[in-house]
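Here is the structure we will look at.
Read-outs throughout are calculated quantities, based only on the coordinates presented, and are distinct from any laboratory measurement. For clarity, every value in this text was computed on a predicted model and none was experimentally measured. All Cβ positions, even for glycine, are placed from backbone atoms using ideal geometry, and neighbour counts span all protein chains on display.
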Amino acid sequence: MLSTTLAGLGGMGTFAGPVLGAFTIIALQNYLADRVGAWVTVIIGAIFVVCVVGFRRGYVGELLAWQQRRRAKSER
């Protein structure tokens, strides 16, 4: 389950996506563990749902798509 979350958050179409997804999830878990206790799982789940709904390609995929759209606009 965790590996799916890591890849889904970052984006599965690139090498950097799952790596950045893993970094983000692990950093959030470590940061929030002392502050919210057992609610870490709920918070990480909510973040994952928001990212799946809002960023269909993961946040790395969305960033790359945004860069391509920006380049296409500047070439016109």
One finds, for ILE43 and PHE23 with R0 = 22 angstrom and r their Cβ-Cβ distance, a FRET efficiency to the nearest 0.05 of 0.85
Rounded to one decimal in nm, the spacing of the 7 Å Cα→Cβ label points at GLU75 and ALA33 is 4.6
Descending packing, highest mean Cβ count within 10 Å first, for 57-64, 68-75, 24-31 is 57-64, 24-31, 68-75
